[in-house]
Every structure is written in C-alpha cells, then in structure tokens.
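The values are calculated or read from the model by the stated rules, or taken from the named source; none is laboratory data. Given the structure is predicted, the values throughout are model-derived calculations rather than measurements. Because the Cβ atoms are built from the backbone with ideal geometry, glycine has one as well, and the counts that use them run over all protein chains shown. The protein model used for the area step is the full one, side chains on, heavy atoms only, and it has no ligands, DNA or RNA in it. Shrake-Rupley method; radii C 1.70, N 1.55, O 1.52, S 1.80 Å.
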Amino acid sequence: MDLGIRGKSALVCAGSKGLGRGCAEALAAAGVDLILNARGTEALEATAAAIRAAYKVSVVTVAADITSDAGRAQVLEAAGAVDILVTNAGGPPPGVWSDWQREDFIKALDANMLTPIALMTALLPGMIDAGWGRVINITSQSVKAPIAQLGLSNAARTGLTGYVAGTARQVAPHGVTINNLLPGIHDTDRAAALDAGVMKAEGISADEARARRAATIPARRYGTAAEFGAACAFLCSVHAGFIVGQNILLDGGATNATI
Ligand code: NAP
C-alpha cells in the first residue's frame, strides 16, 4: 500500500533504538525525510547512516535529551515545521509505591507527559496552518491496564492520554490527527532491562525470565520494532485521517479486555 506521505518530514524523538527506531525506519521506507533524536551520538549516527543508505531519505540528527528544556529547544530548532511528530522518551524505572517521592513523579511527568505536550504545543500550529499533520505518541499498555511496578509510568502516561483525548478533537478540524500507540512487550533494550530486574529478583536466567513473560502473551512472543513501526507509519499515512484520538494497543493480546 502506498502510504501517500513520500516527501513529507517527520521528527522522531528518542529514535536511535527500539520502538522509536522502528517508527523512523517505517516512515523512511514510505519516503519521509527525518529529524532523528536521541541522547547518545554513536547509536544515533549509526541508525541515521543505516536509514539513509537503505531508504535514500534525508536524516538530520540532533543528539539531545528531549526531556530537558535546552534539549527540546535544540531539537525543535533543527526540525522547523514538520508534517509528522513521533513523541517518545525512555520510560521511568520500576519500583514500589511506597518508595516514590514527589521528585520521582515530577521526573516521570516531565519525561512522559509534559515533554510530549511541549512538543505538540510547539509543532501543532504549523500543522494546523498547513492543513495536514500527524502526531503519534508512544505510550504504554499500562494506560489500559496498570503494571503495578511501573506506577510512575502508569501515572504520567495516563495524564498524557487525557490531554490527547481532548486536544485531538480540537485539532482534527484542521486535518491534524493525534493518536497514541500503546506497546505491550516488545523486543528492545527496555524489555531486556525489565527482564534483567525479574532475573535478579527471582534468581532465574535471562532466557527463563523471557520465556515466562512470553507465556503470558497470547501471541506467545515479544513484539518487534518493525511491527510497531509499520503501525506507526500507517497512522501517519493519508489513509488514517479519520482515526482521531485513539489509543491503539500493540500487545499480542496481552491486555485481557473485550474493548
Ligand atoms: P529502548 O529500546 O531503550 O530505546 C530507547 C530510545 O530512546 C533510545 O534510542 C534512547 O537513546 C532514546 N532515549 C531515551 N531517553 C531519551 C531522552 N531523554 N532523550 C532522547 N532520547 C532518549 O526503549 P523502547 O523499548 O524502544 O521504549 C520506548 C518507549 O516505549 C519507552 O518510554 C518505554 O517505556 C515504552 N514502552 C516500551 C515497551 C517495550 O516492551 N519495549 C513496553 C511498553 C512501553 P539514548 O539512550 O542514546 O538517548
């Protein structure tokens, strides 16, 4: 299917690895020029080079912490007006409710709620002026069903979800859509880090931790960044203009809910 977005531009945040990279690759495969961000230069440049070589699109890199004011300003200056925004950042650490203090919540809210909101505030006006735009926020399945040890994530991402629910309806008349993609377990560094925590806590091997987690997923496996990216690119396509303010689970059936 031709996604109809060849020649458009996208800012993909936190996109040197994992799900962000999956989105960047799928958009590049559809002919979209990229502004690609992550903190670490090495992986960022390697990913950008691989994408340029594979898809012959322009990739401008900005090494910066997207959750800081200074980093975001740097990224937004390089991006200018873009047609597509994919928001993403690292997730908060796991823990226990009784350990989390105000500062922990502020950090999580900054990274996973206020950063995507600041990016939308900066870039939505240009999309509205152009009469077309797409925003995808990478959130989490924890928005639909809480993951107890990820309480900081549950809290921050639910706040973002509430914001998107209203804002998506305010910008839709201008041809701009905002939707959230909710990953369940995907095969990325983040999943490996969470598995390492289980491994340590329960004294089991990495393979066992992974097998146990996979067994809880009806698809009996972890998702891939490529699958995730393909869903992102479709939501950014010309075919998805009637999909507004949705929260789309990509979890292999892990969230046991009827709707
Ligand atoms: P990942 O494989 O660890 O990749 C994270 C990417 O984000 C890297 O490119 C990293 O590069 C970049 N990054 C992290 N913090 C950043 C920051 N402050 N500023 C700019 N770039 C940053 O993670 P992932 O699995 O793709 O996860 C992406 C998001 O989805 C996270 O919020 C995660 O919590 C959420 N999620 C993931 C899963 C899963 O199973 N994978 C499930 C549910 C939710 P640098 O480190 O070089 O900056």
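Along each of the three principal axes of the Cα atoms of the stretch 146-242, give the extent in whole Å, ordering the values from largest to smallest.
The Cα atoms of the stretch 146-242 stretch 54, 27, 21 Å along the principal axes, largest first.
Over the stretch 1-134, average the accessible area per residue using a 1.4 Å probe and give it in Å², no decimals.
In whole numbers, the stretch 1-134 has 46 Å² accessible per residue.
Would you mind counting up the charge near GLY15? Only other residues with Cβ under 12 Å from its Cβ, with Lys and Arg at +1 and Asp and Glu at -1.
+2
Across bins of 5 angstrom width beginning at 0, how are the C-alpha pair distances of the chain distributed, in whole percent?
The calculated distribution, bin by bin, is 1, 6, 13, 18, 20, 18, 13, 7, 3, 1, 0, 0.
If pairing requires two Cys Cβ atoms under 4.7 Å apart, which cysteines of the chain are left without a partner?
That list is CYS13, CYS236.
Using the alpha-carbon centroid of each, what span in Å lies between the stretch 1-38 and the stretch 85-161?
Cα centres, the stretch 1-38 to the stretch 85-161: 20 Å.
With only Lys, Arg, Asp and Glu charged, each at its Cβ (+1 for the first two, -1 for the last two), find how big the charge dipole of the stretch 121-220 is about the Cα centre; round to the nearest 20 debye.
Here the size comes out at about 240 debye.
Past the 25 Å Cα-Cα mark, which pairs from LYS17/LYS107; LYS8/LYS144; LYS144/LYS200?
LYS8/LYS144; LYS144/LYS200
Computing the accessible area with a 1.4 Å probe over protein heavy atoms, can you report the carbon and sulfur percentage for the chain?
56 percent
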